[in-house]
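Only one structure is covered here, and it is reproduced in the block below.
None of the figures in this text is laboratory data; all of them are computed from the coordinates on show. Just so you know, these numbers come straight off a predicted model, no measurement behind them. No Cβ is skipped: glycine too gets one built from the backbone with ideal geometry, and neighbour counts run over all protein chains shown.
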Amino acid sequence: MKKLLWIGMLIVSLGARAQFDAAFTNTWALQSYYNPAAAGLDSKLNVLGAYSLQMVGYEGAPKTMVINADMPLFFVGPKHGVGAAFLNDAIGAFSNKKIQLQYAYHKNLLGGRMSIGVRPALLMVGFNGSELELNDPSDPAFATNDIKGNAFDLDVGLRYTYKKLWYAGVSAVHLLGPTVKLGDDKLHEVTVEPTFLVQGGYNLALRHPRYKVAMDAMLRSDLLNWRGDINARLLYDGEKHKIYGGLMYSPTISAGILLGFDFHGINIGYSYEVYTGGVGVLNGTHEILIGYQHDLDVFKKGKNLHKSVRLL
């Protein structure tokens, strides 16, 4: 029962776990993960991996990894974007995996771009009952073996981006409210309630042209519980590299620091989140980001051109 009790304590102490999905610290970096309408929004191939180790030092603490990629479809037209992602989330004896594909359509509107996206997904839930130590192994409420199941899922999103100045978007994940039945006998099940997200961001230019402040906010709710996230980062845009540092805050839940740099399209970031609900300062969340970006705009002059050595 020890691990089961830890699961309950983690869920209560981390209000964000009231929703099914894990909460990442760097919400600003996972735009197309949270909203399928952001897929292929710019002219780059974007690949990002994030790993979150939460509540360090606690048995059965959440560990979450996501790999997300998106790009525009220039052979069809810059109005179309596609993406894919894989999520692996574990907390105590529970595991949650999600494989998803996404498509977005972009249209110029009022000086900006309006985007709409859809994302079908396969949701896979597992429970390692063999890891539990029960006082009464015959209790039918708990599986004593390892069980798993899967269900079809669907996410949708809408977003408006005004140049590189600001953006706003809304999305709905687990729109179908899928019920995952576990095991061969289907006696155990997990129902995932739809969650709604509202996002927005603004880039504030400073007097020095190489510096700016990027601010992002996100509110998510399953209509019973909610979590808000706010972060601000000071960005330095150099000739060969970019550096940022900032702060994040989630009311009643946590506060943290954000650090990172970009060198030749390779992005590396780190954040540390401290919970404000009585959990020790050293028992926070470590999060690592590793990403890669490559320009794919084949419609710009001089881009993606290669000379033959025979013509040099």
task = Please turn the phi angles of the range 38-48 into ³J(HN,Hα) values with the Karplus equation 6.51 cos²θ - 1.76 cosθ + 1.60 (θ = phi - 60°), one per residue in order, whole Hz, x for glycine and proline.
result = 8, 5, x, 5, 9, 9, 10, 7, 10, 10, 9
ask   = Treating the beta-carbon of each Lys and Arg as +1 and of each Asp and Glu as -1, no other charges, what is the dipole magnitude of the range 2-297 about its Cα centre, to the nearest 20 debye?
value = 1220 debye
query = Using modelled backbone amide H atoms (1.01 Å from N, in-plane), which distant-in-sequence or interchain residues come within less than 5 Å of L296's amide H?
reply = K44, L45
inquiry  = Taking 35 Å as R0, compute the FRET efficiency from the Cβ-Cβ separation of Y162 and Y292 and round it to 0.05.
reply    = 0.85
message = Skipping prolines and chain starts, which residues have an amide H placed within reach, meaning under 5 Å, of the one on L176, given they are 5 or more residues away or on another chain?
response = L154
query = Tell me, what HN-Hα J-couplings in whole Hz come from the Karplus equation 6.51 cos²θ - 1.76 cosθ + 1.60 at θ = phi - 60° for each residue of the range 258-272, using x for Gly and Pro?
reply = 10, 9, x, 8, 10, 9, 6, x, 9, 10, 10, x, 9, 9, 10
note = Zone reached by a paramagnetic label modelled 7 Å from T276 Cα along Cα→Cβ, restricted to the range 221-252 with backbone N below 12 Å, covers 228-230, 248-252
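Given a Förster radius of 30 Å and the C-beta distance between A255 and L187 as r, what FRET efficiency does 1/(1 + (r/R0)^6) yield to the nearest 0.05?
With R0 = 30 Å, the Cβ-Cβ based efficiency is 0.10.
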request  = Report ³J(HN,Hα) in whole Hz for each residue of the range 162-175, in order, from the Karplus equation J = 6.51 cos²θ - 1.76 cosθ + 1.60 where θ = phi - 60°; Gly and Pro get x.
outcome  = 9, 6, 10, 9, 8, 8, 8, x, 9, 8, 10, 10, 6, 4
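R0 = 41 Å: FRET efficiency of A214 with F94, Cβ-based, nearest 0.05? List each step's numbers first, then the result.
Working: r = 35 Å, r/R0 = 0.84.
With a Förster radius of 41 Å, E is 0.75.
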query = Which whole-number percentage describes the relative contact order of the range 2-297, with Cα contacts under 8 Å and a sequence gap of 6 or more?
reply = 17 percent
task = For a footprinting-style exposure proxy, rank S32, S254 by other Cβ within 10 Å, fewest first.
result = S254, S32
query = At what distance in angstrom do the alpha carbon centres of the range 233-282 and the range 172-220 lie from each other?
reply = 18 Å
task = Could you list Y103, Y211, Y275 in order of exposure, starting from the residue whose Cβ has the fewest other Cβ atoms within 10 Å?
result = Y211, Y103, Y275
